Amino acid sequence: MFFRYSARFFVFACRLLAAGNLYIFGTFDLNNNGKSEILKVGGLVAPLEYVELDSNGAHETLWTFTPDSGGIIIDAKFSDLNQDGGVELVVIIQSGNNSEWIKVFEWNGSGFSSNQKSIRNGAPGTDKIRPSNLTSYSNLFSVSMLSPSRRADLFTLQIKNGVLEKSNSLAQSAPLVKNGYGPVYTGLFSGEGETFVALVSPEGNVLKTTVFSVSTPGKEIASDILVVNGARVVLGPDIQPFDEDKDGQDELLIPFATGEVYVLGLTDNGLTFTESRLSQSGLFGMKSAAGEIEINNTILARIENGLYDSIADDTQPEINDSLLILVSDTLMLGDTLNLYLLPDSTSDFYSFNWRSLPPPGMSFNPDSYTLNWVPTRDHVGVVDVSYALKMRLREELMSGEDAFGDTHHMHPILMGSDSSMIILVGDTIKPPEPFILIPSRFHRTTITTKDIDEKDRFVFEGETPFGASSANINGVISVGVTVDLSAVKQDKTSAFNFKSSAEKPDSVVTLTLIHDLDSNILYTSLSPPLDTIPQSFDPEGMNTSFNQYPEYFFEGFPSSLSLESAGTGMLTLLKSDQKISGNISLSSPLNNQDHEITVSYYGGRPYAIRGEVTIKENGSHKTLTEIDFDTSFFPLRIFTSLQKAYRDTFVFHADSIPDTLKANTDFRTFYSPAIELQDKTSVDTTHTIALPTKILESTEPIQSDSIRVEAASSDSMEVSPLGSIAMPPDTLSVAPGEPAPINPNSIVLPEAVADST
């Protein structure tokens, strides 16, 4: 048995089907054969799939279901509706008028068969509804209804004589939630012998919340506006009761797509709202293409965190994460660097500038688009190179006004990328020893428009490592903020405010962009909104080749948003032929690529750019950017792309580092602390050694099969990657070996490798 859970009454939530997401619920053993089963919602096989796991964790499909007429499965629950000791599967479906929206399936020993009757949308006693999630306690159910009703509907379900009956219907709503534009979700939880129903609606950075008593219909217990601290996109079907503090009383667990998990509680003093210990644990949400190992690991993590009781078999296979260190070649004395920088031969070069002072003698050739350099003995050791490169995509007509009337200007639409690489200049006399350094990763926000007066100064208020910039090119003003995420320590939040010196407008429209780099979700909202319907897009669901793009969530944007491929790897989310007055560009680092999103708009004068970068103790990153506009802002065009970034993790040699760099360094980088490889004391390759969390000066030579330095040819040095070696977590297996001599007059240019960090 791989997993097992035994119960007569079992309730689990199935998530709202955002595009491309997979939801796993279980484990069960409905056929009583000693093997665990799980329910999959939104997988690649079918929208609803019941799967059995064997003793090795392999998956076998027992049953599938696909709704008719393009219906979408919203949520599901298991409950004993006929009091026979077994459970039925209750499924909520979003479909057209006069279609089934509640469907019940009964277990037949090997799969599920449909009950004789379902509840239809628009049937007698029901409204034409738009459900968003379902929660259950015994045979009491609560469904949240979206606009225009914005309420929670409570009812009971029973099967009598083979017929499904829905009764005791009661609608619950409150002015706090009813007067809003965000989505609406519901949840049931109990405490002090009483059952409560919660109605919640996320809007921007707050969660409008009202709690009712079930035993006293219509009685409002408490209402409040709760701050979510940048968490975005409630996973409604994952809302569930949970005893967070182990006091015997339930709270309501509310997970977010950006990884946060909050706990809603009720005390004599009102509502409590705190971040759960389950936050950022990866317990909620996977991609549709998730494999068996990822699914099994998620179930095990839920068991370990107490989401539900289960007995894991001692013979289950151990699933380990490997530490992959990707190694690049060094540059030896006498070699010549000639590095081509454009991402491909068709790129239209626009500009190049250094992000840090280059080493003496290094230059960029604008005719051949190459970096050229010949190192000298003074350069032996580590050389840090950072630069920004921009490519012209096309031109846009920008319109505005000046003292004499209308103005029009052809402005280039650019795609930029910040790149950083570490070059080790090695001595030709002796082979250096391995050392690890992780390069910089830049997050950048830029506004380009003619609506900013040249006399208007933007004043920066922030902290290291943020930096601000402004430029005037032919009357087009660009203002922006850049931060090196590698320089922000873990468990810290850094903030900035880059605002105009002009008087603050009476009316402000705020654009918010939040990128959770751990879950790769990009949330964008407008306040006040242009439309009240939330929209989400998953590029991987459209084409598996777009799997490295984020999932996009929009609130307050026009309903004309749609996801389309624009060719050459670019995606379009909004198109318009109307004239624009400015562009907003947001760049974020994703492994070995930069994600770029550009929003072209027509609107008022930009007034301020605010934001923060949060890095939690577990290393998860989140960037928040807010931009204020005077009076109006209307998005016209949105496109995104991924740009190659040359920032592999390099292994270089400690003996070649200049004395000024030979110091103990304690810092936290984008993914993990830089570390030193330690000696192995035995030739037994089955043993491993733990990697420390600090960079220390190496005092003993490192001999390794995993990192091997040998003469590849007369003029090259090869340092072998570890990508194909299976290793236990956070360990590296090394065995003795003899270094070979290194010949001069060679260079092998570093090449970016996918997922190198």
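Values computed for the structure shown
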| item | result |
| --- | --- |
| Residue in segment 507-521 that is in contact (Cβ under 8 Å) with a residue 24 or more places away in the chain, at positive phi, surrounded by 16 or more Cβ atoms within 10 Å (Cβ to Cβ) and of a type outside the set (Phe, Trp, Tyr) present | yes |
| Output for segment 85-106, where each listed residue is at pLDDT 80 or above and in a loop (DSSP other than H, G, I, E, B) | Gly86, Val87 |
| Subset of segment 565-612 that is among the aromatic types (Phe, Trp, Tyr) and surrounded by 20 or more Cβ atoms within 10 Å (Cβ to Cβ) - its residue that is modelled with the lowest pLDDT | Tyr607 |
| Of residues in segment 444-459 being of a type in the set (A, V, I, L, M, F, W, C) and part of a strand (DSSP E or B), the one farthest from Ala495 (Cα to Cα) | Ile447 |
| Segment 63-88 residues that are closer than 20 Å to Asn133 by Cα, paired with ones that are assigned to a strand (DSSP E or B) and basic (Lys, Arg) (beta carbon under 9 Å, 6 or more apart) | Phe65/Lys103; Pro67/Lys103 |
| All positions within segment 547-562 that are part of a loop (DSSP other than H, G, I, E, B) and either more than 17 Å from the chain's Cα centre (by Cα) or charged (D, E, K, R) (or both) | Gly556, Phe557, Pro558, Ser559, Ser560, Leu561, Ser562 |
| Yes/no for Lys219 being of a type in the set (Lys, Arg), under 16 Å from Leu81 (Cα atoms) and over 30 Å from the mean Cα position of the chain (by Cα) | no |
| Subset of segment 155-183 [in contact (Cβ under 8 Å) with a residue 60 or more places away in the chain, surrounded by fewer than 20 Cβ atoms within 10 Å (Cβ to Cβ) and touching a strand residue (DSSP E or B) at 6+ places or on another chain (Cβ under 9 Å)] | Gln158, Lys166, Tyr181 |
| Test set (1) buried (at least 21 other Cβ atoms within 10 Å of the Cβ); (2) within 22 Å of Asp594 (Cβ to Cβ); (3) of a type in the set (S, T, N, Q) - Asn547 fails condition number | (1) |
| All positions within segment 569-609 that are in a loop (DSSP other than H, G, I, E, B) and in contact (Cβ under 8 Å) with a residue 12 or more places away in the chain | Gly569, Lys575, Ser576, Gln578, Lys579, Ser581, Asn591, Asn592, Gly604, Arg605 |
| Pick from segment 505-546, criterion of a type in the set (Ser, Thr, Tyr) and assigned to a helix (DSSP H, G or I), ranking: farthest from Thr445 (Cα to Cα) | Thr544 |
| Inter-residue pairs, beta-carbon under 8 Å, first of a type in the set (S, T, N, Q) and in segment 31-53, second modelled with pLDDT under 85 and not in a loop (DSSP other than H, G, I, E, B), 6+ apart | Ser36/Gly26; Ser36/Thr27 |
| Which listed residue, of Leu235, Leu278, is surrounded by 16 or more Cβ atoms within 10 Å (Cβ to Cβ), in contact (Cβ under 8 Å) with a residue 12 or more places away in the chain, more than 27 Å from Phe155 (Cα to Cα) and not small (Gly, Ala, Ser) | Leu278 |
| Of all residues in segment 613-623 being modelled with pLDDT of 80 or more and under 13 Å from the mean Cα position of the chain (by Cα), the one that is surrounded by the fewest Cβ atoms within 10 Å (Cβ to Cβ) | His621 |
| Filter result (closer than 16 Å to Arg605 by Cα, touching a residue at least 24 places away in the same chain (Cβ under 8 Å) and of a type in the set (Gly, Ala, Ser)) within segment 470-506 | Gly475, Ser478, Gly480, Ser500, Ser501, Ala502 |
| Some residue of segment 636-655 being modelled with pLDDT under 85, in contact with a Lys or Arg (Cβ under 9 Å, 6 or more places away or on another chain), surrounded by fewer than 20 Cβ atoms within 10 Å (Cβ to Cβ) and part of a helix (DSSP H, G or I) | yes |
| Segment 181-203, subset in a loop (DSSP other than H, G, I, E, B) and of a type outside the set (Gly, Ala, Ser), residue farthest from Ile514 (Cα to Cα) | Glu192 |
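The values are calculated or read from the model by the stated rules, or taken from the named source; none is laboratory data. Owing to the predicted nature of the structure, the values given are computational and were not obtained by experimental measurement. Quick reminder, even Gly has a Cβ in these numbers, built from the backbone with ideal geometry, and neighbours come from all protein chains shown.
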